[in-house]
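S.K.: Below you will find the structure I want to go over with you.
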Amino acid sequence: MADVKSKMKLGMFIRPCGHHIGSWRHPEAQADAGENFPHFVQLAQTAERGLFDMIFSADSATSFTAEPEGLHRTHYVAWIEPFTLLVALAGFTKNIGLVCTASTSFEEPYALARRFASLDLVSGGRGGWNIVTTGNPAVAENFGSEPHLPKAERYKKAQEFTEIVRALWDSWDGDAFIRDRESGVFFDTEKMHILNHHGKYYDVKGPLNVARSPQGQPVIVQAGASDDGRELAAETAEVVFTAHEELDAAKAFYTDVKGRMAKYGREPDDLKIMPGLSVIVGRTEQEAQDKFQALQDLIHPEIGVAVLSRKMGFDFSPYPIDGPVPEIPQSNVLSSRVDTLVSAAQRDNLSIRQLYQKFCSTRGHFSLVGTPSQIVDKMEEWFVKGGADGFNFIAPYLPGGLDDFVDLVVPELQRRGIYRTKYEGHTLRDNLGLKVPASRYAHKKADAVS
Ligand SMILES: Cc1cc2nc3c(=O)[nH]c(=O)nc-3n(C[C@H](O)[C@H](O)[C@H](O)COP(=O)(O)O)c2cc1C
């Protein structure tokens, strides 16, 4: 295998029209993307041309976002269910990984284990599961009358859930199915493992009725940044999707999560940390800035003001949008970062419109606007200085933003020798440089032999 470890990893974060709130109105976005399967095929094939490790889909089983105002102006309220989408995309791609988000708060471990093992079989070893516990309480309203569990309990449940899923993926040894026509024996009973799990939240007998998949197990991804989230990542995750705007914060997170792994008998390299990265690239700096501003101008004021008001705990709607940012009572300031941004807005005489544009553009992710070499300078800095093993590329608008990244940024990464020039292997694990996990029952076999 090529020197897979020294290369930057790249995921392609999909949302129908792009990540930016105003993206669907952009001339280089596909406004009907949410119901347009050929559009997603085009995205997947472009990402594969750019040698991305994986397509990565977030998911939320609700149309409701945090701001009810202006909902009718948002584009991610309805789109193809992403697991179905990724299974379908497996047939149109050959090398790229297919990672789907699924929530431990609203799924059943047996059904989820079965679906993801099947994704891995259908795609020839390219599947991955992004474990989330789901923060948005609106999702709970679609799954019965029980209120959303508090976060600490969601994580306890997630821990048990994940353990069951991984154990179910070990239900069959890789060579269990002998299918001997002569003797009439289909599988070796010694190589089937019944789980018999009885825990606080779940009772699951097993075995899984899907054979061991080509990667041994699909790749485990995790997104959640609290102490509980980091612990779950250190124990189980092989990729972490995270959000940081500054290198120092990214480095602190990277060091902290990797530092927690040893107590679970894991090496730092068994986990790839991939912050989200939004990019707007131009052939000149001015071109990039103009593209960025054109996109910012597409944020409808109704949404912009709603986002700003929620973040600040202060209603900006009565104030003129192109007027100055009013004094905010200290008691309304929810975090030091918000405080800093508002103080800077007042110092620089920003209008309310300019301030919400700042808030809405990145939504907490690392964001770069510039020429290919300016962008790669920063990506390389984060990679070399221990802030990231790679990035989850978040296109502000799709497909245009992805086309630009693949045509302009990928060649510059390759020219500097920090990104692959061809896929190293056939499975997602091969390309990410991750081990195939040994079955938890492997030692039994070894004991039996010795
Ligand atoms: C980068 C990132 C991406 C996330 N993506 C999703 C998602 O697609 N669907 C979802 O239901 N929750 C998602 N979450 C929410 C987490 O599941 C979790 O509920 C939330 O982050 C609160 O936990 P934390 O405090 O540990 O971060 C995401 C969280 C992060 C940090």
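S.K.: Mind checking the dipole of region 289-362: about its Cα centre, +1 per Lys or Arg Cβ, -1 per Asp or Glu Cβ, Debye to the nearest 20? Write down the numbers at each step before the final one.
M.R.: Working: 7 positive and 8 negative charges, 47 e Å.
The calculation lands at about 220 debye.
S.K.: Dipole size in debye (nearest 20) for region 382-450 around its Cα centre, Lys and Arg Cβ +1, Asp and Glu Cβ -1?
M.R.: Details: 10 positive and 8 negative charges, 102 e Å.
Here the size comes out at about 480 debye.
S.K.: May I pose another question? Quick one: putting +1 on the C-beta of Lys and Arg, -1 on the C-beta of Asp and Glu, what dipole do you get for the chain around its Cα centre, in Debye to the nearest 20?
M.R.: On the way: 49 positive and 59 negative charges, 161 e Å.
Dipole of the chain, to the nearest 20 debye: 780 debye.
S.K.: Follow-up. For region 420-436, just list the computed ³J(HN,Hα) in residue order, Karplus coefficients 6.51, -1.76 and 1.60, θ = phi - 60°, integers in Hz, with x standing in for Gly and Pro.
M.R.: So the J values, rounded to whole Hz, are 4, 10, 7, 5, 6, x, 9, 9, 4, 4, 4, 6, 7, x, 9, 5, 7.
S.K.: A follow-up question, please. Which angle between 0 and 90 degrees, to the nearest 10, do you get for helix 372-384 versus the longest principal axis of the chain when only C-alpha atoms count?
M.R.: So the helix axis and the longest Cα principal axis differ by about 50 degrees.
S.K.: Considering the chain as a Gaussian network with a 10 Å cut-off on Cα pairs, which listed residue, L341, L428, L195, attains the greatest mean-square fluctuation?
M.R.: Result for the chain, Cα springs under 10 Å: L341 fluctuates most.
S.K.: Right, something else. Just check region 1-157 against the gyration tensor rule for me: Cα atoms, a ≥ b ≥ c as the square roots of the eigenvalues, rounded for a/c under 1.5, and otherwise prolate or oblate depending on whether a/b exceeds b/c. Could the numbers behind the result be given before it?
M.R.: Working: a/c = 1.88, a/b = 1.18, b/c = 1.59.
Taking the square roots of the gyration eigenvalues as a ≥ b ≥ c, region 1-157 is oblate.
S.K.: Region 40-136: which GluC sites (Glu not before Pro) are DSSP loop and have at most 15 other beta-carbon atoms within 10 angstrom?
M.R.: Values: sites: E48, E69, E107; in loops: E69, E107.
Listed in order of number, the matching sites are E69.
S.K.: A follow-up question, please. Measure nothing but the geometry: give the 0 to 90° angle between the long axis through the Cα atoms of 336-347 and the longest principal axis through the Cα atoms of the chain, rounded to 10°.
M.R.: Long axis of 336-347 versus the principal axis of the chain: about 20 degrees.
S.K.: Can I ask one more? What residues qualify as long-range amide H neighbours of N392, i.e. H under 5 Å apart, gap of 5 or more or another chain, H built at 1.01 Å from N?
M.R.: Close amide H contacts, sequence-distant or interchain: G11, G276, L277.
S.K.: Sticking with this one: Enter the Cα centre distance for the pair region 33-90 and region 269-290, rounded to the nearest angstrom.
M.R.: The two parts, judged by their Cα centres, are 20 Å apart.
S.K.: Next question, about the same structure. At a 10 angstrom cut-off on C-beta neighbours, averaged per residue, how do the peptides 216-226, 25-35 rank from highest to lowest? Could you put the intermediate results ahead of the total?
M.R.: Values: 216-226: 23.6, 25-35: 17.1.
Descending mean neighbour count gives 216-226, 25-35.
S.K.: On C-alpha positions alone, give me the angle between the axis of helix 301-312 and the longest principal axis of the chain, in degrees, nearest 10.
M.R.: Taking the Cα atoms of the chain, the angle to 301-312 is about 70 degrees.
S.K.: Compare N130, N95, N196 in a GNM of the chain, Cα atoms joined below 10 Å, and give the one with the largest fluctuation.
M.R.: In this elastic network of the chain, the residue with the biggest mean-square fluctuation among N130, N95, N196 is N196.
S.K.: So who's got an amide H within less than 5 Å of the one on L368, skipping anything under 5 residues away but keeping other chains? H placed 1.01 Å off N, in plane.
M.R.: Hits under the 5 Å cutoff: S278, V279, I280.
S.K.: Calculate one ³J(HN,Hα) per residue across region 22-38 by plugging θ = phi - 60° into the Karplus curve 6.51 cos²θ - 1.76 cosθ + 1.60, and present them in order as whole Hz with x for glycine and proline.
M.R.: Taking θ as phi minus 60°, the curve returns x, 4, 5, 8, 6, x, 9, 10, 9, 4, 9, 3, x, 10, 10, 4, x Hz for region 22-38.
S.K.: Now for a separate question. Using only DSSP helix segments of four residues or longer, with each worth -39500 (n - 2.57), what per-residue ellipticity at 222 nm results for the chain after dividing by its residue count and rounding to 500? Please list the in-between numbers first.
M.R.: On the way: 15 runs with 162 residues, N = 450.
Result for the chain: -11000 deg cm²/dmol, rounded to the nearest 500.
Laboratory data are not the source of any read-out in this text; all were calculated from the coordinates shown. These numbers were taken from a predicted model, which means no experiment stands behind them. Note that each Cβ is placed from the backbone with ideal geometry, even for glycine, and that neighbours are counted across all protein chains shown.
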